[in-house]
Ligand code: GLU
């Protein structure tokens with residue numbers, strides 16, 4: 001089913017949703033910058049959501065470090081930040097809504113038992129004799145999912161065959177990113193998701209979940225990823241170094257150029273943002289917004 005998000009008439013609300021598994025680095029700054037600029041260019045709000053749901057990966061204090069980095073670079077969020085770890089009841093409610101539609105089932109398969117690629121639906125019709133559920137999967141309806149990405153253009157994915165039924169909760173109680181992100185974006189009234197292309201592939205899954213939860217799915221814009229010298233995504237896992245905050249303008253200009261723009265000659269952080277915002281608006285402002 002096609003998304004109707006492009007015609008979303010709600011006031012613009014964007015968000016930056018870092019996982020506090022370490023400080024921001026040059027790669028994650030791109031998503032922060034692009035989501036901030038898109039919100040500002042539309043006169044909208046920019047919310048901060050700390051995605052600390054994947055508790056084993058959470059580094060204590062990284063949330064505060066990230067907030068300090070954003071502020072040092074002149075990116076002030078609107079309202080109070082939210083932490084996913086304090087919103088577990090919302091996720092359970094969404095799970096129950098899906099379960100009531102018979103869209104959830106327990107799965108006993110271990111990672112070792114599954115080949116790379118789409119989940120083959122092994123436990124769809126019940127757990128094998130004597131096995132216990134290790135996770136709960138969402139039963140993906142058949143059909144091709146379409147959406148328009150404001151940077152990447154029209155996209156489509158046959159989630160049922162390319163991904164298969166995917167995990168929304170693990171038996172140890174950990175909620176899966178795919179579910180919580182949809183619940184949070186819905187609960188916070190997010191109209192626009194701006195993030196890195198590593199999550200482009202998750203969008204169709206999230207759009208389906210949103211539909212089953214009766215949540216309007218936001219417009220999406222996926223920005224290119226910053227790659228390291230070996231062509232890999234720059235990430236905390238491959239030890240990207242933390243942002244240089246002693247020279248904020250040069251740090252900002254580096255991210256700005258990585259987004260494909262010419263470097264700016266502004267001499268203060270506020271003026272950098274003003275100029276960047278007008279360039280961003282010229283390229284990405286939605287026709288319907290004022
Ligand atoms: N927490 C995710 C990350 O840091 C981003 C989620 C999103 O923007 O949807 O990669």
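The values are calculated or read from the model by the stated rules, or taken from the named source; none is laboratory data. Predicted model only: the values in this text are computed from it and were never measured. Cβ atoms come from the backbone with ideal geometry, glycine included; neighbour counts cover every protein chain shown.
Entry remark, region 42-68: residues being in contact with a helix residue (DSSP H, G or I) (Cβ under 8 Å, 6 or more places away or on another chain) and not in a loop (DSSP other than H, G, I, E, B) number 6 in total. Restricted to region 1-41, and to residues there that are part of a helix (DSSP H, G or I), within 12 Å of the ligand (Cβ to nearest atom) and modelled with pLDDT under 95, the residue that is surrounded by the fewest Cβ atoms within 10 Å (Cβ to Cβ) is 27. Being more than 10 Å from the ligand (Cβ to nearest atom), over 12 Å from the mean Cα position of the chain (by Cα) and closer than 16 Å to residue 156 by Cβ, is that true of even one residue in region 235-243? For region 235-243, residues more than 10 Å from the ligand (Cβ to nearest atom), over 12 Å from the mean Cα position of the chain (by Cα) and closer than 16 Å to residue 156 by Cβ: absent.
Candidates 263, 224, 248, 216: the one that is within 20 Å of the chain's Cα centre (by Cα), away from the ligand (no atom under 12 Å from the Cβ) and over 30 Å from residue 142 (Cβ atoms) is 224. Restricted to region 116-201, the set of strands (runs of 3 or more DSSP E) holding at least 2 residues that are closer than 16 Å to residue 16 by Cα and either within 14 Å of the chain's Cα centre (by Cα) or within 16 Å of the ligand (Cβ to nearest atom) (or both) comprises 192-196.
Beta carbons closer than 8 Å, at least 6 apart along the sequence or on distinct chains, pair a first residue in region 177-190 that is closer than 17 Å to residue 11 by Cα and free of Cβ contacts under 8 Å to residues at least 40 places away in the same chain with a second that is more than 10 Å from the ligand (Cβ to nearest atom) and not in a helix (DSSP H, G or I) for 186/213; 186/215; 186/216. Just one of the numbered conditions (1) on the phi < 0 side of the Ramachandran plot; (2) out of contact with any helix residue (DSSP H, G or I) (no Cβ under 9 Å at 6 or more places or on another chain); (3) in a loop (DSSP other than H, G, I, E, B) is not true of residue 77: (2).
Taken over region 80-95, the criterion of being in a helix (DSSP H, G or I) and in contact with a strand residue (DSSP E or B) (Cβ under 9 Å, 6 or more places away or on another chain) is satisfied by 84, 85, 88, 91, 92, 94, 95. The residues on offer are 275, 197, 241, and the sole one that is free of Cβ contacts under 8 Å to residues at least 40 places away in the same chain and either out of contact with any helix residue (DSSP H, G or I) (no Cβ under 8 Å at 6 or more places or on another chain) or exposed (fewer than 13 other Cβ atoms within 10 Å of the Cβ) (or both) is 275.
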